[in-house]
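Written below as structure tokens is the structure these notes are about.
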Amino acid sequence: MASIKDVATEAGVSVATVSRVLNDHPSVSADARTRVLAAVETLGYRPNAVARSLRTDQTHTLGLVISDVMNPYFTELARSVEEEARALGYSVIIGNADERPELQDHHVRNLLDRRIDGLLVSPTDGGSPLMLGAARAGTPMVFVDRWIPGVDVPVVRADGRAAVRDLVAHLHGLGHRRLAIIAGPAATTTGSERVDAFREALAEYGIPLPDAYIGQGDFQAESGRRVTEGFLDLPEPPEVVFAADNLMALGALDAVRARGMRVPDDIALAAFDDIPWFVHTDPPITAIAQPTGELGRAAVRALVDRIEGRPPASVTLPARLVVRRSCGEPAVRAKPAQSPVRRSKP
């Protein structure tokens, strides 16, 4: 493997000149820069990233700790983070917390030990002393999707309250009055916020939300299945189940089908977090969609601003309701194809 000395010899310059070229220093002549870059290409030289990080105190690496890599929402989020980071000259190391606070802290600790330049986190809870300490110590950090209240860290997230109101208005317009929710963990901001938004929206229509219609889930499919089975066993089951994330919605769908029931004939289903699969279920699932790709890109930009000395800003983007056919919506009939008009010859 070629060394920086080999590049200097090939280009006929000093090692210091090669270093200045590789670090884009302006005090190098155009001729020397051309010869160094040509030598780098000829020898296939690759700078030592570890050694460079020791000199510059930067690794050009970001850490991303997501809540659940199996959740399609977070998979898409991670992809957009990686793409935006690469465009800005950074690499990304990803850790999957699997909705477990202790695993989240394990990844945060390892990433900090690897001298990452900044950290993106979707917290699994709000009580991690490690993460709180890192934030207070000035570690460049951005919360994405979820956040820890009271911690002075930029937050990039979607606001789903308006979309939840739109969903409740939609369900009310379809004639539904008994509405239940499968909630996410109360320790997460998204878990508590979505229940509050749902309750507030129901109150606008004078619809109560009894305790029996609030099922505690954990953003995993099995909890959606378990909670829905409990709803179906009630003396007066709900007419609609609103799952506060996509995996719990799929679990709810499994529970309904296991009883030999159909959506929406026997019970309606809606979800927070739209995913591509929802258009392929039977029926397609009405859902609240978040601008996932935009969130990932905005989170990276905010973190890079913080790393490079620019003031970072929190970003809140709107979610939106996507109406399909899982709540009893009337099917949209396709227009019949028109035969081409044949014109008679004159």
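Taking only Cα atoms, what is the 0 to 90° angle, nearest 10, from helix 72-87's long axis to the longest principal axis of the chain?
20 degrees
Taking 7 Å along the Cα-to-C-beta vector as the label spot, tell me the A203-Q58 distance in nanometres, rounded to one decimal.
4.9 nm
At a threshold of 8 angstrom on Cα-Cα distance, excluding pairs fewer than six apart, so keeping six or more, what relative contact order does segment 89-197 reach in percent?
Numbers: 110 pairs, mean separation 21.9, N = 109.
Once divided by the residue count of segment 89-197, the mean separation gives 20 percent.
Suppose only helical runs count, i.e. DSSP H with n ≥ 4. What mean residue ellipticity at 222 nm does that imply for the chain under -39500 (n - 2.57) per run, divided by all residues and rounded to the nearest 500 deg cm²/dmol? Could the numbers behind the result be given before it?
Numbers: 12 runs with 145 residues, N = 346.
Computed ellipticity for the chain at 222 nm equals -13000 deg cm²/dmol.
Over the chain, calculate the relative contact order: mean separation of alpha carbon pairs under 8 Å at least 6 apart, over the residue count, as a percent. If you can, show how the numbers build up before the last one.
On the way: 623 pairs, mean separation 54.4, N = 346.
RCO, the chain: 16 percent.
For segment 194-237, state which chymotrypsin sites (Phe, Trp or Tyr not before Pro) are in a DSSP loop and have at most 15 other beta carbons lying within 10 Å of their beta carbon.
On the way: sites: F198, Y205, Y213, F219, F231; in loops: Y205, F219.
Sparse-neighbourhood loop chymotrypsin sites (Phe, Trp or Tyr not before Pro): Y205.
Determine how large the accessible area of V304 is when every protein chain is in place; take a 1.4 Å probe and give Å² rounded to the nearest 10.
Estimated to the nearest 10 Å², V304 gives 10 Å².
Sort segment 217-285 into rounded, prolate or oblate with this rule: let a ≥ b ≥ c be the square roots of the eigenvalues of the Cα gyration tensor; rounded if a/c is under 1.5, and if a/c is not under 1.5, prolate when a/b is larger than b/c, oblate otherwise.
Numbers: a/c = 1.79, a/b = 1.25, b/c = 1.43.
Oblate shape, in that a/c is at least 1.5 and b/c is the bigger or equal ratio.
Along Cα→Cβ, 7 Å out, is where each label goes; now give me the distance between the ones at R259 and S3 in nm to one decimal.
Between R259 and S3, the label points sit 7.3 nm apart.
Could you work out the longest stretch of the chain that avoids the trypsin sites (Lys or Arg not before Pro) located in DSSP loops with at most 14 other Cβ atoms within 10 Å? Before the final figure, lay out the partial values.
Working: sites that count: R114, R115, R177, R259, R262, R333, R342, R343.
Answer from the scan: 1-113.
Counting only protein heavy atoms, what percent of the accessible surface of the chain is carbon or sulfur at a 1.4 Å probe? Spell out each step's value before the answer.
Working: 8920 of 17420 Å².
After summing per-atom areas, the C and S share lands at 51 percent.
Going by accessible area, probe 1.4 Å, with all protein chains left in place, what is the ranking of E294, E84, largest first?
On the way: E294 100, E84 30 Å².
Most to least solvent-accessible, the answer reads E294, E84.
Quick check on segment 159-267: take the gyration tensor over C-alpha atoms, sort the square-rooted eigenvalues as a ≥ b ≥ c, and tell me if it's rounded (a/c under 1.5), prolate or oblate.
Values: a/c = 1.68, a/b = 1.15, b/c = 1.47.
Note, shape of segment 159-267 comes out oblate.
Using the alpha-carbon atoms, what tilt in degrees (0 to 90, nearest 10) does helix 246-258 show relative to the longest principal axis of the chain?
For 246-258 against the chain, the angle is about 40 degrees.
Over the chain, with the other protein chains present, what is the accessible area per residue in square angstrom, probe 1.4 angstrom? Intermediate values should be presented prior to the final figure.
Details: 17420 Å² over 346 residues.
Ligands and nucleic acids excluded, the result is 50 Å² per residue.
Once you wrap a convex hull around the alpha carbon atoms of the chain, what is its projected area averaged over all directions, in nm²? Don't skip to the answer; put the middle values down first.
Values: hull surface 116.5 nm².
Spelled out: convex hull of the Cα atoms, projected over all directions, averaged, 29.1 nm².
Treating the angle as unsigned and between 0 and 90°, give the value, to the nearest 10°, between the Cα long axis of helix 292-307 and the longest Cα principal axis of the chain.
40 degrees
How high is the FRET efficiency from E294 to V151, r the C-beta distance, R0 22 Å, rounded to 0.05? Don't skip to the answer; put the middle values down first.
Details: r = 23 Å, r/R0 = 1.05.
Efficiency at R0 = 22 Å is approximately 0.40.
If you take the square roots of the eigenvalues of the alpha-carbon gyration tensor of segment 93-154 and sort them as a ≥ b ≥ c, do you get rounded (a/c under 1.5), prolate (a/b over b/c) or oblate? The partial results should precede the final answer.
Working: a/c = 1.43, a/b = 1.03, b/c = 1.39.
In terms of gyration-tensor shape, rounded.
The values are calculated or read from the model by the stated rules, or taken from the named source; none is laboratory data. Quantities reported herein were computed from a predicted structural model and do not represent experimental measurements. In this analysis, Cβ positions are derived from the backbone assuming ideal geometry, glycine residues included, and neighbour counts consider all displayed protein chains. Accessible surface areas use protein heavy atoms only, side chains included; no ligands, DNA or RNA. Shrake-Rupley method; radii C 1.70, N 1.55, O 1.52, S 1.80 Å.
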